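For reference, the structure discussed in these notes is given below.
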Amino acid sequence: IRLLDAAVPEDAATTRLLACAAPGLERVYPPNFEQYGLSKSDRIGPRSGHPTRMLVDRLTRVLGLGELDLYVHRAHSGAIEVEFADPLAIMVPAHVVSLSESQQAFLLGRVLVDVMRGVHAVDKLAPSAVGEILIAAMRTVDPTFGGGQARGEYLENLTKNLYRGLPRRARKPLEEAAAAYGPSPKPRLDDWLARVRKTSTRA
């Protein structure tokens, strides 16, 4: 991944901070399977024999990932998304499973590389929401960060929920990442996002 990375040097602190915030996102954005017309029981398990599930399992082994849940839905025919569940849920539109294995591997691989890097929030959230997560993560160590932002009360609640959602072992890494992010040069969010997507596409 380092060889394929499209990042520029000032991207590093942003990528690290978002990855360290990722374990707390389930509390901020609880999984909503109903919006896909599904329930938790619609999960496609590893023993199902489903070809796409078998492909996901192969890819997760290649990328060194742990357990992931897989769902196939008909809510839209857009991109593969994630839901911040435990374990993380990969939400695959039904049209994807009709593609060739190599095409499925490409589309799934882009998301799973993001999961491996801890930046899978980009596969769920709008860029503005990703920016809010970065501000909330910073506010865990510097409550005044982003003080000029609108919706101050919303960001305060977001910060509290993000920190409460973090496993205890994940709190110190977040605090260290935030301490590094504060004084570091910061890329434009849209530019950083484009480079994140380029990296996962290359991979």
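When you check Arg151 against the structure, is it under 20 Å from Pro87 (Cβ atoms), open to solvent by 40 Å² or more (accessible area, probe 1.4 Å) and free of Cβ contacts under 8 Å to residues at least 12 places away in the same chain, yes or no?
Working: under 20 Å from Pro87 (Cβ atoms): no; open to solvent by 40 Å² or more (accessible area, probe 1.4 Å): yes; free of Cβ contacts under 8 Å to residues at least 12 places away in the same chain: yes.
Here the answer is no, as Arg151 does not meet what is asked.
In this structure, is Thr144 among the hydroxyl-bearing types (Ser, Thr, Tyr), over 16 Å from the mean Cα position of the chain (by Cα) and more than 29 Å from Arg110 (Cα to Cα)?
On the way: among the hydroxyl-bearing types (Ser, Thr, Tyr): yes; over 16 Å from the mean Cα position of the chain (by Cα): yes; more than 29 Å from Arg110 (Cα to Cα): yes.
Yes: the conditions hold for Thr144.
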>> Going by what's in this entry, would Ala126 be described as free of Cβ contacts under 8 Å to residues at least 12 places away in the same chain, within 20 Å of the chain's Cα centre (by Cα) and open to solvent by less than 60 Å² (accessible area, probe 1.4 Å)?
In response: yes
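Being aliphatic (A, V, I, L, M) and surrounded by fewer than 19 Cβ atoms within 10 Å (Cβ to Cβ) is the filter; apply it to the stretch 69-84 and report the residue that is nearest to Asp114 (Cα to Cα).
Restricting to residues being aliphatic (A, V, I, L, M) and surrounded by fewer than 19 Cβ atoms within 10 Å (Cβ to Cβ), the top hit is Ile80.
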> Is there a residue being in contact (Cβ under 8 Å) with a residue 60 or more places away in the chain, over 17 Å from the mean Cα position of the chain (by Cα) and in a loop (DSSP other than H, G, I, E, B) anywhere in the stretch 46-64?
Replying inline: no
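The values are calculated or read from the model by the stated rules, or taken from the named source; none is laboratory data. These figures come from a predicted structure and were not determined experimentally. Here the Cβ is made from the backbone with ideal geometry for all residues, glycine too, and neighbour counts use every protein chain on show. Heads up: the accessible areas ignore ligands, DNA and RNA and are worked out on the full protein's heavy atoms, side chains in. Shrake-Rupley method; radii C 1.70, N 1.55, O 1.52, S 1.80 Å.
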